[in-house]
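Everything on this sheet refers to the single structure shown next.
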Amino acid sequence: MKTAVQITAPFLLIALATPCPSVAQVIPDSSLGAERSIVTPQAAQDLITGGAIRGNSLFHSFQAFNVNPGETARFSPPSTTTNIFSRVTGNNISNIQGTLGVIGNANLFLLNPNGISFGPNAQLDLSGSFTATTASSFQFGPETFSTITPQSAPLLTISAPVRFNFGNNPGTIINRSTADGTGLTVKPFRSIAFLGGDIHLAGGQIIVSDAQIRLSSLGNIVLTDQSIVATNTVLGNPNSEIRLVGQAITLDGQSSLRSNNSSTNLGANITIEGQTLKLMDGSNIASATNSLGQGGNVTTTLSGNLTITSLAQNSQVSSSSFILAETSGPGIAGNVDLSARQLWLEYDSYISNKSRAFSTGNVGDITINASESIIGQFVSPRTRLGGFIGVETLGSGDSGTIKLTVPSIALKNHHVIFDNTWFTGNGGNIIIEANSILLDGVNPFIPDFSSSILSVAYGSGQGANIQVNAQNITVQNGASIITAVLANRDEIISRVSDVNSGLLPLFDLPESGFGNAGNVNIMADTILVDGFDPTAASRPSQISSISLGTGDAGNVGVRARELTLLQGGAVGSSSLFSFSAFGLPVATSGLGNGGSLTVNADTITVTGVNALTELPSFLGTQAGSLGNAGDTQINTRRLNIRDGGTVLSGTFTSGNGGTLTIDAQESVIVDGINANGQPSTIAAFASAPSELLQLAFFLPEAPKGNTGQLIINSDRLTLSNGGTLSAAHQGTGNAGALQVNVNQLRLSQGGQLSATSLLGQGGNVDLQVRDVLTLRQGSRITAAAFGPQGNGGNLAITAGIVLALPRENSDIIANAVGGNGGNINLRTGTLLGIDVQPQLTSQSDITASSQIGLAGTVKIDFLNTEPNPGLTILSISPLSPNDRISIVCNSLAASRFILSGRGGIPLDPRQQITSTTVLQDWRNRSHRPTQSSPQAQSPPISSAPIEAQSWHKNAQGQIELIAAPPIAIPAPPTCSNLSINPS
């Protein structure tokens, strides 16, 4: 309040010309002349009237504009006013520590290029919208309302400024307000905007309902100290939004941008545009709906990096930072659409779209476009978790889709991209388009967690599909691309969710693990699946789909120019038992079937084993539960399996193995034994699991399911250095069938081709070899039964040539122990170096024996090969000379027949083949006698060599060939001198 002061007359004019001091320190200037602003002090309030009226707009101009704590500055415009444009022409910032208000419904614009600061107790009390700006002027068409050249109000009648003009160094807008738990706020269907240089919310809040919030900066926008910018959609304003536009935008110290929808309409969108966005120390951007309405979308458009990290400014790892959209009711969660140059996820920060427990709404999508890279790295020492990009449904609504488009993705130390379904809702899809993808390593604190692209069905909903298209994909050190169905949902959910698993039956939810796992489809130029991490040796690097529940595993499809599996890396589909944290199998687990595997690659290399678990590199399908294994189809030009690598389809339990088909245009090479004595292998199998697998997945000691079928079609198949091709059964089932269709089949250095059974029937082997079947250095082709009852299998071999060396002990076997020997049916054009024997010997043998039962049969059919099937068969009847003599000679009695030399008569095949040598005549014929009469001249002698007609010994005993002398041109032939050369 003013203090009464008595003044003398000389000072009267000065007192009238100078604004009176006010409690709010609102001081008008004189730039508007007679239309200047008028400040009337009242009890704890300055009432602002006057100003220049232009239509529905009112213009005010101040030398200074401040509001002290606990006090109010309130504009009182005419009732017809729509917009109040106020400027500060002085050189100081505006400090708003109290309440700034407007009587009526007019919108208020406060312009101070020096800066505007809202204190902790600052409030807005107005029915219209509010804009605080540090621009230098309002622009109305060709006219301005400027602080640089303060003039009268524009003459035009304009309802809103066309634009804001900023100087070279616009001031900062600061908000520290937390008044009434909302800070600065406006009424529904209105807006609040900060437009200036840097914008800093230092613990301040801007919380509105059904209104717009806009922070637009020519510099940086920073939210610190738990600042909140939020809009609540209650009535359903379709124009509600939170929009931030700036250069570097930072949320730090658990600050947040929030959009909450409790209406039936669309919630407020959160939109961020600028160069960079960084979320630190538990800061977040979140959109949520708990009603019928859809949640607002979260969108970023950045020319630089988007960084989400738990790191605080003081370099101490703190709370998780995140971007989130979610639904907890029937409404659909909003979408998350992020665009940036690089996306960095650090520690346990994340990007998520989900539905909360028991909600019925669908989950929105996550779309990320990064022009350079997506990088996930570091594990939080606080939570011991890495970061993720994930969508999931914990209710009956369906999950969303993740779509990433980026040149490079690198996820390390347990950073994950996932799409999960927990109850009845179905999963969406994970779609990734990239040039290079690196998935590397496991969580150093919890090694069972790895860097991965992951989809899991925990409940009865269908799991999400994974589709990856890239140039180069590397999955190493225990990382994975995997879809799965799990049966131990209730136990897991009690650990990772706010839902008490004991309450789940009250919601009539289905048993867990009934949903099918999603499919995996990978397309790339090169794919490398390499090794394991020593801290989690039982978790290999893998691309796979697994069922550990009642639902089936998904199908896996891989298409590449080059596919390489190293050091225990795996690509396939499997079914297994699920287990609980108490070491017991889960009741509903192990019933699902494995999915199929399809691989299309120009070159496939499978090599090496896991050095710690001794598990080999693996390509194929398998059943480790009550379900059946899926089929495997491999299409390639070259398949190389070395150093203990395996291509398999089989079973460890009562489930049946699948069919394994390999179509290789050029070659299949199975070569070598690893350091642990494990051979490189292609197999359809039913095998006894290792003790490690028995303990881990509750598997029986011997399998009961049947072995599947193994089919290979190729130009060349090579089994060398112990390499094995087999259809085998180590339990009571049958060994299955093995079918090979190749042009060349070579077994060397102990190579093995077999169909064997331990307790059941030996398998059937059908070999179709167009050219040569070679057995060298102790190699074997076997169809045998090693048990007390089973009969040996059947061998059907068709080959152009079967070649072995007798002393190298290479064998063709259809033997048995307790049962009868099998049958061998061999069809070949040539059989070399291997003989039929009643028992095996130290030579190369063909046997179908039995130690106890009856011997089998060996039948050899030699093919009737025709070396020149296209030639015409000649008559064996002798030619009649009369048929070869011209008919003109029939009337002449002096006819004769002369046979000269071999001519065209073929050689006797029993005679030695000799070459014919033609000697050139080197005699000098340059001095020939001349004839005076042309009629008496002899015909010219040819310069070509003349064939020798006879020979004799000269005086030295040497043989000389003699040519006949030149002869005259003979007379026309008559029947008396006709000779015929029957060629």
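Per-structure values
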read-out	value
Options Gly778, Gly708: the member that is in contact (Cβ under 8 Å) with a residue 60 or more places away in the chain and out of contact with any Pro (no Cβ under 6 Å at 6 or more places or on another chain)	Gly708
Ser283 being farther than 20 Å from Asp365 by Cβ and of a type in the set (Gly, Ala, Ser)	yes
Among (1) free of Cβ contacts under 8 Å to residues at least 40 places away in the same chain; (2) closer than 22 Å to Val556 by Cα, the one test that Ile473 misses	(1)
Subset tally (residues that are closer than 18 Å to Asn362 by Cβ, modelled with pLDDT of 95 or more and out of contact with any Phe, Trp or Tyr (no Cβ under 8 Å at 6 or more places or on another chain)) for the range 403-425	2
The one condition in (1) modelled with pLDDT of 95 or more; (2) surrounded by fewer than 22 Cβ atoms within 10 Å (Cβ to Cβ); (3) closer than 20 Å to His414 by Cβ that Ile437 fails to fulfil	(2)
Looking only at the range 354-397, and only at residues there that are of a type in the set (A, V, I, L, M, F, W, C) and outside any strand (DSSP E or B), the one that is surrounded by the fewest Cβ atoms within 10 Å (Cβ to Cβ)	Phe358
Any chance Asp671 is modelled with pLDDT of 90 or more, surrounded by fewer than 24 Cβ atoms within 10 Å (Cβ to Cβ) and under 16 Å from Asn555 (Cα atoms)	no
Any chance Phe65 is in contact with a helix residue (DSSP H, G or I) (Cβ under 9 Å, 6 or more places away or on another chain) and surrounded by 21 or more Cβ atoms within 10 Å (Cβ to Cβ)	no
Residue match in the range 158-169 (condition: under 26 Å from Gln247 (Cβ atoms), crowded, with 22+ Cβ neighbours inside 10 Å, under 48 Å from the mean Cα position of the chain (by Cα) and not basic (Lys, Arg))	no
Subset of the range 851-881 that is modelled with pLDDT of 55 or more and outside any loop (DSSP other than H, G, I, E, B) - its residue that is farthest from Ala785 (Cα to Cα)	Phe862
Members of the range 414-426 found to be assigned to a loop (DSSP other than H, G, I, E, B), crowded, with 23+ Cβ neighbours inside 10 Å and more than 17 Å from the chain's Cα centre (by Cα), listed by number	Trp422, Phe423, Gly425
Test: Arg87 is farther than 20 Å from Ala211 by Cβ, buried (at least 22 other Cβ atoms within 10 Å of the Cβ) and either at pLDDT below 95 or not polar (S, T, N, Q) (or both)	yes
Of residues in the range 609-644 being of a type in the set (S, T, N, Q) and assigned to a strand (DSSP E or B), the one farthest from Gly557 (Cα to Cα)	Asn640
Checklist (1) in contact with a Gly (Cβ under 9 Å, 6 or more places away or on another chain); (2) on the phi < 0 side of the Ramachandran plot applied to Ala44, failing item	(2)
Test: residue in the range 327-348 that is charged (D, E, K, R) and over 16 Å from Phe388 (Cα atoms)	yes
Selection within the range 813-850 - under 30 Å from Thr732 (Cβ atoms), in a loop (DSSP other than H, G, I, E, B) and among the small types (Gly, Ala, Ser)	Ala814, Gly818, Gly819, Gly821, Gly822, Ala848, Ser849
Residue among Ala325, Ala340 that alone is part of a strand (DSSP E or B), under 16 Å from Gly400 (Cα atoms) and under 25 Å from the mean Cα position of the chain (by Cα)	Ala325
Count - residues of the range 350-360 that are at pLDDT below 95 and hydroxyl-bearing (Ser, Thr, Tyr)	3
Conditions (1) modelled with pLDDT under 95; (2) more than 20 Å from Ala816 (Cα to Cα); (3) part of a loop (DSSP other than H, G, I, E, B); (4) not β-branched (Val, Ile, Thr); number of the one not met by Leu710	(3)
Of the criteria (1) modelled with pLDDT under 95; (2) surrounded by fewer than 19 Cβ atoms within 10 Å (Cβ to Cβ); (3) within 15 Å of Asp861 (Cβ to Cβ), which one Asn823 fails	(2)
Selection within the range 810-820 - hydrophobic (A, V, I, L, M, F, W, C) and more than 17 Å from Thr857 (Cβ to Cβ)	Val817
Elements of type strands (runs of 3 or more DSSP E) in the range 26-136, at least 3 residues being closer than 25 Å to Arg163 by Cα	52-54, 57-65, 83-88, 94-96, 99-102, 107-111, 115-118, 130-133
Hits in the range 147-191 (condition: assigned to a strand (DSSP E or B) and at pLDDT below 90)	Arg163
Pairs with Cβ under 6 Å, 6+ apart, first in the range 40-55 and free of Cβ contacts under 8 Å to residues at least 12 places away in the same chain, second part of a strand (DSSP E or B) and not charged (D, E, K, R)	Thr40/Leu47
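The values are calculated or read from the model by the stated rules, or taken from the named source; none is laboratory data. These numbers come from a predicted model, not from an experiment. Cβ sites come from the backbone with ideal geometry, for glycine too, and all protein chains shown count toward neighbours.
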